[in-house]
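Just so it is clear, none of the values below were taken in a lab; they were calculated from the coordinates. Nothing here was measured: the structure is a model prediction, and the numbers come from that model. All Cβ positions, even for glycine, are placed from backbone atoms using ideal geometry, and neighbour counts span all protein chains on display.
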Amino acid sequence: MSLTTPVAFLIFNRPELTARVFQAIANAKPKKLLVVADGPRFPEEAEKCRKAREVINQVDWDCEVLTNFSEHNLGCKRRVSSGINWVFSEVEEAILLEDDCLPVPSFFSYCQALLERYRNDSRIMHISGNNFQFGIERTKYSYYFSRYPHIWGWATWRRAWQHYDVDMQGWLDFKEAGLISSMFEHPQEQILWTQLLDQAYRGEVDTWDYPWGYTVWSQTGLSILPRVNLVTNIGFGADATHTTPGSNNPLANLPTEDLWELEHPPYVAMNREADLYTYEKVFGGKVEQGDRQQIIDLKAQLDQKEKQLQELNKVKNRLRRVREQLEEAQGTIVAMESSKFWKLRQKWMGLKDLIKQPLKKLEGLSKPEISVREQGKLLARQQGYQPKQSVVSPLTGSNQVKLIEVFPASQLINDWKNGFRIDITSELHGHPEICLYECLETGLKFFLPSDTTGSDKLYEQLCQLSWYYMPDKWEYQVALEDLKGYQNVIEIGSGYGYFIQQCKEAGLQARGIELNESAVKAAQKQNLPIERVDLKDLVGQYSESFDAVCSFQVLEHVSNPKDFLDWSIQLLKKGGKLVLCVPNSESFLKHEYCLLDMPPHHMFQWSKKSFKALEKIFPIKLEKVKLEPLASYHVMGYLTSYRDYYRSVSPVGKLLFNRHTLSLYQKALNTGLRQFVTGQSLYVEFRKL
């Protein structure tokens, strides 16, 4: 069978895996090959990316090769989505493979045959080569229909992909209309996918496939899955973007079989039993026997809430009609003759009584939705709740502290798994809850237990996320302007050396220290003066040696901020500058349930007040405070944090923040208004006395 269907090949930085998958494509000899490649995340990846691209030069058959290479790293979400957009601007249908998805030979004929058979059937939006049933046979035919669009080797049409929106702009409407239940009958499954799609909508996960899943479901589309597995993922390992940690994952290196002669099912109907198995085995869903009543109760609550909303709309309409009558009566009173006044007054009093009825009914409706942050505050306020240890301020040592919020550890573990695909169980050391306190003397907020500070292993996993280390930050430009004329500068926590590189280009003599070994090696390859040295050890060698000490987005991570600040100040000459930048706890973050702003990632939350209090603890003077304007990539996080907060504290929140107003707010902020809105970061500058 001649392969006339175009093949799209998505590659990155793994030339060995790229070569293996390319050989499978070469054996199929497609007439057209479209290659999409992302750029390196950091300089040390450039060579691997170049070698991966060179694999394509081995095409030795009659084939039109088109390339779409990015010189800069766009990240998984933006590169894959923009790459597939390009593919379907060139062709009507395509088979898609990533560099770690190794297909069997029959995968290509399987996709081509089904692309042709269902070309004009709008019910089918996705053809997958994956079978995750682990040997359980779900059909006597060659394939079955599913709601799950698995993407380790797949195919689709332009007619389906045209609905794709990487930013999921219609998600809020879809969610608020309760349409997720049209694809998932199981309440727990609805909850899981609502959480995952919420995270994708807010940009908390760097992935393109959740928006594609939402696209398929929003069109009530189905996916075709083969009776046997046709593609195996060979990319599980430490260098993978998402498929980590490796051999412990049951989906790694699944066995495959060929499927040559296709026997088509005589119907198009979703296999619910197979999908429920996928939900439990692939996505970690499970309904314990003891939870079933809770699920039933939750469904009843949701139904009751829906009825309340319907009743609320009726009351609102009635109020609108009454208001119109009141306005008419008031106007009539002014215009009518005084002899008719008492008749009108009687009508007026009757209308006042009429309006009281729906208002009383309204009081029982539209109860605030309780957000995760408000739940944490509620738990902290519960009568009789006592912290399990003697708590003192990490800055003053005083017991003048207040418990603010409590987060169940089980919830954090589950949300990290869903949001970042990282298991933080070992990071929390068996503690049942994480508590947020505030020092009443300094305003510093801090999390306990203190041993939940993130380990090196956690940061190694976070570094695999393309957006984690940003090559440029708002605070870099502010600091470069402030450091003009300062020649002996040190940065604490330099990462890959992006700020040091900018100092070098600006003519500043700057060096850095960093504990992440791989980041240090990458920086040193670029001839940047960055060493793997502990801050405490540096003080012994370079006391009072530097004109300026800088640290960006580090202070919130450290386990002992008092020691960190003390050692940093000891490095400064008298009159030297201490420059710090941290997330601003008084920004929209104070309302946001942000996993990265709590353990095991962040241990402290700083504000202008807490920095001002440092003047009473250390020999320093606060001379500058600057707030970051709202960044474009934080717009949705800003809006959703305030939406969740106001919906938690007042019924009016639903009127201020709904699917209509959020869209308007987003457009206004993105057109330039965000420059006048307080963003995430807080920049401060101290002078050593």
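One chain, two ends: D534 and V391. Fully extended at 0.36 nm per residue, the span grows by 48.7 nm beyond their Cα-Cα distance. Rounded to the nearest Hz, the phi-derived 3J(HN,Hα) couplings of the stretch 578-592 under the Karplus curve 6.51 cos²θ - 1.76 cosθ + 1.60 (θ = phi - 60°) are 10, 10, 10, 9, 9, x, 8, 5, 9, 7, 4, 4, 5, 9, 8, where x marks glycine and proline. A simple rule links phi to the HN-Hα coupling: the Karplus curve 6.51 cos²θ - 1.76 cosθ + 1.60 with θ = phi - 60°, which for the stretch 406-412 gives 10, 10, x, 4, 4, 5, 4 Hz, with x for Gly and Pro. Listing S450, S568 from fewest to most neighbouring C-beta atoms within 10 Å gives S450, S568.
Straight-line cross-link partners of K445 among the aspartates and glutamates, defined as a Cα under 13 Å from its Cα and at least 8 positions apart when in the same chain: E405, E556, E586, D597.
Computing FRET efficiency as 1/(1 + (r/R0)^6) for K590 and K417, where r is the C-beta to C-beta distance and R0 is 25 Å, gives about 0.50. Spin-label pair N527-K51: with each label point 7 Å from Cα along the Cα-Cβ axis, the two points sit 2.4 nm from one another.
Taking 0.36 nm per residue of separation and subtracting the Cα-Cα distance, full extension of the segment from A631 to H429 would add 69.2 nm.
Close amide-amide hydrogen proximity is noted between N516 and no other residue 5 or more places distant or on a separate chain, at a cut-off under 5 Å (H modeled in the peptide plane; Pro and chain starts excluded). Charged side chains reduced to their Cβ positions (Lys and Arg at +1, Asp and Glu at -1) give the stretch 35-151 a dipole of some 640 debye around its Cα centre. Residues in the stretch 46-63 carry Karplus couplings, in order, of 4, 5, 5, 4, 5, 5, 4, 5, 5, 4, 5, 5, 7, 4, 10, 10, 5, 8 Hz; the curve used is 6.51 cos²θ - 1.76 cosθ + 1.60 with θ = phi - 60°, and Gly or Pro positions show x. Between the beta carbons of K624 and V282, assuming R0 = 51 Å, the FRET efficiency works out to 0.50 to the nearest 0.05.
A Förster radius of 22 Å combined with the Cβ-Cβ distance from R119 to A19 puts the calculated FRET efficiency at roughly 0.10. Each residue in H591, H431 was given a count of other beta-carbon atoms within 10 angstrom of its own, and listing them fewest first yields H431, H591. Each peptide in 199-205, 581-587 was scored by the mean count of other Cβ atoms within 10 Å over its residues; highest first, the order is 581-587, 199-205. In plain terms, the chain from R687 to I617 could stretch by 23.8 nm, reckoned as 0.36 nm per residue minus the Cα-Cα distance.
The packing ranking of peptides 4-14, 516-526, highest mean first, is 4-14, 516-526, where packing means the average number of other beta carbon atoms within 10 angstrom of each residue. The peptide list 265-274, 178-187, 598-607, 37-46, put in order of mean Cβ contacts within 10 Å with the highest first, becomes 598-607, 37-46, 178-187, 265-274. Site pair N488 and F134 shows an inter-label distance of 6.3 nm when each label is modelled 7 Å from Cα along Cα→Cβ. Take the Cα of R659, step 7 Å toward its Cβ, do the same at W260, and the gap between the two points is 5.0 nm. Counting other Cβ atoms within 10 Å of each Cβ, which trypsin sites (Lys or Arg not before Pro) in the stretch 561-603 have at most 16 and sit in a DSSP loop? Sites meeting the loop and neighbour criteria: none at all.
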